[in-house]
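Chemist: Pasting a structure below so you can have a look.
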Amino acid sequence: MSKKKASTLTPRAKAILIAAVALLLVAAIVLTTVLLLLPRDPVLSYGGITVTAEMYAFWFSIAKTDFMAKYGIKSYEDTASRWDSPSEVEGKTWGQLLTEEVDRSLRMRLIAAAMYDALGLADTSQRAIVNDYCEEALELKAGGDKDAYRALCEKYGTTERAIKKCAAIDVKAELLYEYLSARTGEGLTNTEKHTFYVENYVRFKVLYLNSTVRGEMVNGERVETTLTEAERANVQKWDTDLSAYLLGGSKEGEMTEEIFETYLKNSHEALHASTGYPDGLYTSRYINLRDVNVLENEVVEELGYLKEGELLRVETEDGIRYLYGYHLLTAPYNAAAFEEFFLNFHASCAAYTLARRTAAELSRVKTYEENLPTDLCYRIPANLVFDYCAVVN
């Protein structure tokens, strides 16, 4: 009877072999678990959050409605012929533009939710918000009828489960915005606030060359004095002098703050006196200067064209106004003297910064091309029933 051949493996080699087999088994188990956890129809994933085809379709339907409102497209124009027609962007149909803009916004929503998770801000209140949203959707959108609710879901290519998952992401994205916009929080860095400020605000002063009167503040009230003949003659002279610094003038580009200040001393309105705005005013698309109520409407309408170092001339019923863009002061949004120009600064900065943060991560969103729908502009109607889940309804 033959003897079994003894193993030639050393104890160390056996241990290595056993460890390798164990690692392979663990890897197989992990892979199987991941495949079981991964939704059957993933479209996008980022930071541990996955968006399925049903979730994507639901969000698309809502974003489509917003897109149509933005571009003035009526609900009856939600047709294949409209989406196949040329858009206002050269080389793109309306359908292509819709799909690109909506896809980008949905990816940014996903990234924002993942960023919220990464900050460790989650709490139990979010689940209650999501549950309330889903319960209200059933009651208010379908009269409590589950069959009617499922029919609504099918209309927008989604399911009850997908809507609930979308709501959870909506809440996280919105809570991240609220975290960033809090004045007392640490959500926004000083660098982010400074960047938003210098990229979106202009400081300026206004020289008033009135036609008939000079206005002065006396004991908190504006008192008018009729201009003398000599003063009216100076209006023509100063207007001629300053016009030379305008675009196309003989001194174009030569205006400085120092030169402008010499003319301001003769202004017919004391807007920049010590009792007014000695350091100037601010303009931005985030400010409604009509609410500040210190400038004529004609002046406010032209301010969107003003930049630092530029001179503008505006005519009104009461005379001629010259506006000059000054260099920016440091962090005026923290100063009480400028409070009325920065009432919405933190909220606007939060939205601006969140868009920049999420846009910077777009290339890192994983796309499952095989599941990414390309025909939703035709297949999914604009959603006039549902809205995104909001923290405060």
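Chemist: Please label the shape of the range 194-237 as rounded, prolate or oblate, based on the square roots a ≥ b ≥ c of the eigenvalues of the alpha-carbon gyration tensor (a/c under 1.5 means rounded; beyond that, a/b larger than b/c means prolate, else oblate). All intermediate terms of the calculation are to be shown ahead of the outcome.
Modeler: Details: a/c = 6.16, a/b = 1.94, b/c = 3.18.
Taking the square roots of the gyration eigenvalues as a ≥ b ≥ c, the range 194-237 is oblate.
Chemist: Considering amide H positions built from the backbone, and no H for Pro or chain starts, which residues 5 or more places from Thr93, or on another chain, come under 5 Å of its amide H?
Modeler: Ser87
Chemist: Sticking with this one: Identify the trypsin sites (Lys or Arg not before Pro) of the range 37-116 meeting these criteria: DSSP loop state and at most 15 other C-beta atoms within 10 Å of the C-beta. All intermediate terms of the calculation are to be shown ahead of the outcome.
Modeler: Working: sites: Arg40, Lys64, Lys70, Lys74, Arg82, Lys92, Arg104, Arg107, Arg109; in loops: Arg40, Lys74, Lys92.
Qualifying residues, ordered by number: Arg40, Lys74, Lys92.
Chemist: Something else: Want the number for Ala331 to Lys141: 0.36 nm per residue separation, take away the alpha-carbon distance, what's left?
Modeler: Roughly 63.7 nm would be gained on extension.
Chemist: Rounded if a/c is under 1.5, else prolate if a/b beats b/c, else oblate: with a ≥ b ≥ c from the C-alpha gyration tensor eigenvalues square-rooted, which is the range 220-324?
Modeler: Here the range 220-324 falls in the oblate category.
Chemist: Next up: Between Ala230 and Ile259, what is the spin-label point distance in nm, taking each point 7 Å from the Cα along the Cα→C-beta axis?
Modeler: Distance between label points: 2.6 nm.
Chemist: In the Gaussian network model of the chain, springs joining C-alpha atoms below 10 Å, which of Ala233, Ala53, Ala360 carries the largest mean-square fluctuation?
Modeler: Maximum fluctuation in the GNM of the chain, among the listed residues, is at Ala233.
Chemist: In whole angstrom, note down how far apart the Cα centers of the range 316-341 and the range 36-104 are.
Modeler: 41 Å
Chemist: Now, a different point. Using the per-residue mean of other Cβ atoms lying within 10 Å as a proxy for protection, in what order, highest first, do the peptides 169-176, 274-281 fall?
Modeler: Output ranking for 169-176, 274-281: 169-176, 274-281.
Chemist: Here's something else I'd like to know. Could you calculate the FRET efficiency of Ala69 with Arg40 from 1/(1 + (r/R0)^6), where r is the beta carbon distance between them and R0 is 30 Å, rounded to 0.05? Walk me through the numbers before you get to the answer.
Modeler: Values: r = 34 Å, r/R0 = 1.12.
Here the calculated transfer efficiency is 0.35.
Chemist: Can I ask one more? Given a 1.4 angstrom probe, I'd like the percentage of the accessible area of the range 146-300 that is carbon and sulfur, rounded to a whole number.
Modeler: 47 percent
Chemist: Using alpha carbon centroids, what distance separates the range 186-230 and the range 246-273, in Å?
Modeler: Here the answer is 13 Å between Cα centres.
Chemist: While we're here: Per DSSP H run of at least 4 residues, take -39500 (n - 2.57); add these up for the chain, divide by its residues and hand me the 222 nm value, nearest 500 deg cm²/dmol.
Modeler: Helix contribution divided over all residues of the chain: -14500 deg cm²/dmol.
Chemist: Let me ask something else. 7 Å from Cα along Cα→Cβ at both Asn219 and Asn190: what's the point-to-point distance in nm?
Modeler: The answer from the label model is 4.6 nm.
Chemist: Moving on. Between Leu343 and Val89, what is the label-to-label distance in nm when each label sits 7 Å out along the Cα-to-Cβ direction?
Modeler: 3.5 nm
Chemist: Out of Arg222, Arg203, Arg161, any idea which swings most in a Gaussian network model of the chain, alpha carbons joined below 10 Å?
Modeler: Largest GNM mean-square fluctuation: Arg222.
Chemist: Looking only at Gly249, Gly220, Gly157, which one moves most when the chain is put into a Gaussian network model with springs between Cα atoms under 10 Å?
Modeler: The residue with the greatest mean-square fluctuation here is Gly220.
Chemist: Of the options Ala151, Leu207, Leu175, report the single residue whose Cα projects farthest towards the positive end of the charge dipole of the range 139-218 (beta-carbon charges: Lys, Arg +1; Asp, Glu -1).
Modeler: Leu207
Chemist: Still on this model: Could you give the dipole magnitude of the chain about its Cα centre, charging the beta-carbon of Lys and Arg +1 and that of Asp and Glu -1, in debye to the nearest 20?
Modeler: That gives the chain a dipole magnitude of about 3340 debye.
Chemist: Could you tell me whether the range 279-379 comes out rounded, prolate or oblate from its Cα gyration tensor? Rule is a ≥ b ≥ c as square roots of the eigenvalues, rounded for a/c under 1.5, then prolate if a/b exceeds b/c, otherwise oblate.
Modeler: Prolate, since a/c reaches 1.5 and a/b exceeds b/c.
Chemist: Whole-Hz ³J(HN,Hα) for each residue in the range 269-281, computed from phi via Karplus 6.51 cos²θ - 1.76 cosθ + 1.60 with θ = phi - 60°, x for glycine and proline: what do you get?
Modeler: 9, 8, 4, 9, 6, 4, 8, x, 10, x, 9, x, 10
Chemist: For the chain, with the dipole built from +1 on Lys and Arg beta-carbon atoms and -1 on Asp and Glu ones, taken about the Cα centre, which of Leu311, Asn234, Leu97 lies farthest toward the positive end?
Modeler: Leu97
Chemist: Taking 41 Å as R0, compute the FRET efficiency from the Cβ-Cβ separation of Glu298 and Ala390 and round it to 0.05.
Modeler: My answer for the efficiency is 0.60.
Chemist: Another question about this same structure. Here are labelled values, (1) 19.8; (2) 24.2; (3) 36.0, and one is the computed mean projected area of the Cα convex hull in nm² for what I pasted. Which one?
Modeler: (3)
Chemist: How much FRET efficiency would the formula 1/(1 + (r/R0)^6) give for Asp123 and Ala355, where r is the Cβ-Cβ distance and R0 is 22 Å, rounded to 0.05?
Modeler: The pair Asp123/Ala355 has a calculated efficiency of 0.30.
The values are calculated or read from the model by the stated rules, or taken from the named source; none is laboratory data. Here the structure is a predicted model, which is why all the values come from computation and not from measurement. Don't worry about glycine lacking a Cβ; one is built from the backbone with ideal geometry, like all the others, and counts go over all protein chains shown. With ligands, DNA and RNA removed, areas are computed over all heavy atoms of the protein, side chains included. Shrake-Rupley method; radii C 1.70, N 1.55, O 1.52, S 1.80 Å.
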